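J.: Next up is a structure, given as structure tokens.
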Amino acid sequence: MPLTFRTYCKMLQNIRETRSTNAKIETFSHCLQQFEEIRELKLAAQFVGEGAFEEISGKRASVGSRTSGMAAARFCEIDYDHVFKPCRTAAGSSSEAIEKLMTNIPAAVKKRNPGSFSLIDVQKIFENLRAAKTRADKEELLHEAWEKMTPVEIKYFIRMLGQGSLRIGFENRSVISAIASAFGQDHEEVRYAHMITGSIGKTTLLAKQNRLDEAKFRMFHPISFMLASPIESRSIDNPDEYIAEEKFDGMRAQVHINGESVQIFSRDLNDISRSFPEIIDFFRHKNMPPTVLDGEICVYKNNTILPFQLLQKRMGLKKPGKKVLQEYPVLFIAYDLLFSGSKPVFGFTLLQRRELLANIAGKYSLAMTNQYKISDEADIKRLFERALKHGNEGLMLKRKTSRYEYGQRRKSWLKVKKPGGSFDTVVMYAHAGSGKRGGLYSDFTLGISVKDDERYEEEFIPIGKAYSGYTDDELQKLNTRIRDLTVERYGPTLGLLPKLVVEIEFDDVQVNRRTKAGYTLRLPRFRSIRWDLGTNDVNTLRDVEEYYQNKLQQERLPQDQNPSFTFH
């Protein structure tokens, strides 16, 4: 007998409360084995891996946290502003607050008479919510569903609507491991099928039916990018096995082209085509056969790659105006090839893919990175310094024989970068970890000083979050100190007295108008815990603003002097 939605949600809660990753995988593997009905099996994987709808479907229910929060307040017969919002703050999330309210508010308990929804029943509710036109219609559908659900069902039902993580410490890599275990399949074959189908549900069916070899690559479905591992030193073993490229100060992108059909995808696999119409127009006029390119979008003007901060002015714009297009023109620079003509080329070596890419770039006049042979540390140092003069971030070292390891961060690609800078910050909030870090506070919101800044009333404001760079021993010491500094608790988040100073290393400073500071740090990580410093030593917002302006004004070597890429 298949699992009901209630039993399924209890299983999700069990996974959340389990610390061992292997135990989580075993639990979900056992769950998948219980489904005979293929539609139920597909949804069991989809709900945990993608949410209410498949990512490739483009469907959204358009039920935000405010809609579900207001619906819950009316269902529980409480005031939204004076009761629900404080409960949400205390619980740390809207879905956690709603679960607790549904458990404890007499009016909510009285209204509910939990039934026995199947996963297919719940999918129909998701479809009805998607079709609903008004907030009132959505609220009515939510109330009808909640009347037949337990609190834990309601919590995960809401999280599935959000199309994001269920926050149970069980991400897609673990889901894939569970699928492989459940049906006796090779993990890498399951991962490959998921990558090229873009559907965790379809991948599960292929695994159960022993048809993974039928998974086919589809144009205009983005695949996970190959990632690079950072190295601390410029010295590597067997440097002659690698080639070097400059690491551009831009935005990673994947371009899918088939004649006049062109789409651009970001590293998080979102369609960003509308933000860069000139790139779309450029490729549309090439009349290229089916091709998928991996590369970088950079602001390029006067023969020079300009700072990433200027590219930010283009990111997120659905339709950039004429002035923006003129002031911040962009260029796509290709450095890898994923699909050519009629077949994927992931399994080819880097040198083979580059030879194919060079032929395409020459035929269609594309911009393509230059590569450089290296034989020792002196070569790496020379090329690294030249990359910095171009205003680029550093070097990429790529193993000549490497395949395209989609979605992996291994040693085939290495990045040599100079940290953008460092600030002394104060820890403002500590957030509970999951998985191996369960039971510890391992994510930290970091603040800078505004105590002498007439624009602000508070003493410190957030500038970014960091969850790496410390040792296990340092994390234990941080957690011991955090207990003494806790003054507020918001569910899984602690508010701290501003007494713990951390030196943060980061790649760059970005404008972010959604934050109080107006800026955020790009890839911040712990450099050291400054037990010796006090809050008077913390860097200020003025320091952040000065750093940002200096980066904009930095002189950059034009590309006609030892170019890092070539127009073929």
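The values are calculated or read from the model by the stated rules, or taken from the named source; none is laboratory data. Given the structure is predicted, the values throughout are model-derived calculations rather than measurements. Positions of Cβ are generated from backbone atoms using ideal geometry, with glycine treated the same way; all protein chains shown enter the neighbour counts.
J.: Tell me, yes or no, whether segment 208-230 has at least one residue that is among the aromatic types (Phe, Trp, Tyr), crowded, with 18+ Cβ neighbours inside 10 Å and within 30 Å of residue 380 (Cβ to Cβ).
T.: yes
J.: Can I ask one more? Grab the helices (runs of 4 or more DSSP H) fully contained in segment 301-402, keeping just those with 3 or more residues being out of contact with any Asp or Glu (no Cβ under 9 Å at 6 or more places or on another chain).
T.: Here the list reads 322-327, 350-364, 377-389.
J.: Can you go through 345, 330 and tell me which one is buried (at least 21 other Cβ atoms within 10 Å of the Cβ) and either among the small types (Gly, Ala, Ser) or over 20 Å from residue 395 (Cβ atoms) (or both)? Even if it seems obvious, please write down each step before you answer.
T.: On the way: 345 fails: buried (at least 21 other Cβ atoms within 10 Å of the Cβ).
Within the list 345, 330, the selection yields 330.
J.: Hey, among the residues in segment 160-179 that are over 19 Å from residue 56 (Cβ atoms) and modelled with pLDDT of 95 or more, which one's surrounded by the most Cβ atoms within 10 Å (Cβ to Cβ)?
T.: 178
J.: Tell me, yes or no, whether segment 465-472 has at least one residue that is over 28 Å from residue 519 (Cα atoms) and more than 28 Å from the chain's Cα centre (by Cα). Show your work before the answer.
T.: First, pick out the residues of segment 465-472 that are over 28 Å from residue 519 (Cα atoms): 472.
Next, only the ones that are more than 28 Å from the chain's Cα centre (by Cα) stay: none.
No.
J.: What is the residue count in segment 180-213 for residues that are acidic (Asp, Glu) and under 20 Å from residue 57 (Cα atoms)?
T.: So the answer is 0.
J.: Which of the residues that make up segment 534-568 are of a type in the set (A, V, I, L, M, F, W, C), assigned to a helix (DSSP H, G or I) and farther than 27 Å from residue 384 by Cα? Steps first, answer last, please.
T.: Our first condition is that a residue be of a type in the set (A, V, I, L, M, F, W, C); within segment 534-568, this holds for 538, 541, 544, 552, 557, 565, 567.
Filter again for assigned to a helix (DSSP H, G or I), leaving 541, 544, 552.
Residue satisfying the conditions is 541 alone.
J.: What pairs can you find where one residue is in segment 103-129 and hydroxyl-bearing (Ser, Thr, Tyr), the other is exposed (fewer than 15 other Cβ atoms within 10 Å of the Cβ), and their Cβ atoms are less than 8 Å apart, with a gap of 6+ or different chains?
T.: 103/109
J.: Taking the condition in contact with a Lys or Arg (Cβ under 8 Å, 6 or more places away or on another chain) and at pLDDT 90 or above, does residue 334 pass?
T.: On the way: in contact with a Lys or Arg (Cβ under 8 Å, 6 or more places away or on another chain): no; at pLDDT 90 or above: yes.
Spelling it out, it is not the case that residue 334 is in contact with a Lys or Arg (Cβ under 8 Å, 6 or more places away or on another chain) and at pLDDT 90 or above.
J.: Among 353, 252, 267, which is the only one that is crowded, with 21+ Cβ neighbours inside 10 Å, among the basic types (Lys, Arg), within 19 Å of residue 224 (Cβ to Cβ) and without any contact (Cβ under 8 Å) to a residue 60 or more places away in the chain?
T.: Just one listed residue meets the conditions, 353.
J.: Identify, by number, the condition in (1) assigned by TED's automatic domain parsing to the domain that holds residue 359; (2) in a loop (DSSP other than H, G, I, E, B); (3) crowded, with 16+ Cβ neighbours inside 10 Å; (4) not hydroxyl-bearing (Ser, Thr, Tyr) that residue 237 doesn't meet.
T.: (3)
J.: Same structure again: Pull up segment 502-547, narrow it to residues that are of a type in the set (Ser, Thr, Tyr) and farther than 13 Å from residue 465 by Cα, then point me to the one that is modelled with the highest pLDDT.
T.: 540
J.: Residues of segment 168-208 being free of Cβ contacts under 8 Å to residues at least 40 places away in the same chain and in a loop (DSSP other than H, G, I, E, B), which ones?
T.: 171, 184, 185, 186
J.: Could you grab me the full set of residues in segment 153-167 that are among the charged types (D, E, K, R) and assigned to a helix (DSSP H, G or I)? Give the derivation first.
T.: Keep residues of segment 153-167 that are among the charged types (D, E, K, R), which gives 153, 155, 159, 167.
Listed by number, the residues that qualify are 153, 155, 159.
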